[in-house]
1. Counting only residues that are touching a residue at least 24 places away in the same chain (Cβ under 8 Å) and assigned to a helix (DSSP H, G or I), how many does the range 183-197 have?
2. Taking only the range 128-155 into account, find how many residues are touching a helix residue (DSSP H, G or I) at 6+ places or on another chain (Cβ under 6 Å), modelled with pLDDT of 80 or more and either surrounded by fewer than 16 Cβ atoms within 10 Å (Cβ to Cβ) or among the aromatic types (Phe, Trp, Tyr) (or both).
3. Is one or more of the residues making up the range 52-62 closer than 30 Å to Asp174 by Cβ, in contact with a helix residue (DSSP H, G or I) (Cβ under 7 Å, 6 or more places away or on another chain) and among the hydroxyl-bearing types (Ser, Thr, Tyr)?
4. Having 3 or more residues that are of a type in the set (S, T, N, Q) and buried (at least 18 other Cβ atoms within 10 Å of the Cβ) is the bar; report the strands (runs of 3 or more DSSP E) wholly within the range 198-281 that clear it.
5. Test of understanding: among Ser53, Ser4, Ser61, Ser38, which residue is in contact (Cβ under 8 Å) with a residue 40 or more places away in the chain, loosely packed, with under 13 Cβ neighbours inside 10 Å and of a type in the set (S, T, N, Q)?
6. In the range 216-244, which residues are touching a Gly at 6+ places or on another chain (Cβ under 9 Å) and over 15 Å from Ala200 (Cα atoms)?
7. Run down Val59, Val68, Val46 and say which single residue is modelled with pLDDT of 85 or more, more than 21 Å from the chain's Cα centre (by Cα) and among the aliphatic types (A, V, I, L, M).
8. Quick one: count up the residues across the range 31-63 that are under 21 Å from Leu110 (Cα atoms), in contact with a strand residue (DSSP E or B) (Cβ under 7 Å, 6 or more places away or on another chain) and not hydrophobic (A, V, I, L, M, F, W, C).
Amino acid sequence: MIVSDDELGLQGGQHVKQVIEENGGCVAFVERIHLRYSKEKVLQVVQQIQRHSVKVVIVHSAEAYVKVLLETMYSHNVTEKTLIFSAYFVISPAIFADQTWKILNGTLALTLYAGSMPSFKDFLSLLHPDDVFTELLWEQIFGCQLLWVNRSNTTNAAMEVELLAPCSKQETFDAATLSLFELNDMSYTYHSYAAVYAFAHALNKLMECKPGQGPFIDGSCANIKDIQPWQILHYLRNIKFKDQNGEEIFIDVNGDAHTSFNILNIQISQNGDFQLVKVGKIDTTAPEGKEVIINLGAILWGNGTGDLGIMCYCQH
């Protein structure tokens, strides 16, 4: 197991290790990884992975930490392990070098459940580089240079874009361009979308409050001309509704959202085509024994087959 050397990584890794052992499995090693680690330290972690006969390595770490690890694994020909990433890892192809995809091919990753977002592609097609939030995105997608962008404190970036043609601002998001967005893990985008809906429902409930029947002191309601954050939070608790796609969104009395996860298989063809294939789902609210649903036949492992091969066994 590889965990990030921070509070989230260490605590999460300890919990995963405990669950594995409680279910009859074993963990051969637990190694830490961090951006501040030297090349020598990262190499020691890779050598530990190489030394053991384990076939599967669980990674509970942010993608920025994993980037250095994968590059070192590739340079030392440690490419025969199957990686399983927790939801801490966000799938973002742009940050990984081409050679590291040889290691990522066939891996499994957990991502927060992402439903569909009606009209989201229409929204993307209407983007225009008229604000700072879309300038960098525009340049990266269309491979051009926005001449008015201030690069005074990014000398290297300025030198690189000098070779690019200027953007016309008339570039359009066609089907091929929009498909680039599907290469990434959109789960956080979906949950931001769901959060806006939750806020809107809470605000609607707040405004429907009748004086004398409200939830606050002496049955009072919030002043809609001076709404306080804590009043919105009150209405966000124990809220249940369906979004435009019919997906149920539920937040309990403690303010915790119901969370489920997709199980994705990273599949890369010989010509380099990249796919995130949904092969299962984890639903913590499902009946006992049905929390995990996985289609083993849909998984394509790194060896190019649906069979992972010989497994190793715990030695007690």
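The values are calculated or read from the model by the stated rules, or taken from the named source; none is laboratory data. Not measured: the values here are computed from a predicted model. Cβ sites come from the backbone with ideal geometry, for glycine too, and all protein chains shown count toward neighbours.
1. Of the residues in the range 183-197, 9 are touching a residue at least 24 places away in the same chain (Cβ under 8 Å) and assigned to a helix (DSSP H, G or I).
2. Going through the range 128-155 one residue at a time, the tally reaches 0.
3. no
4. 260-268
5. None of the other options fit; the residue is Ser53.
6. Result: Asp218, Gly219, Ser220, Cys221, Ala222.
7. After ruling out the rest, the residue left standing is Val46.
8. So the count comes out to 6.
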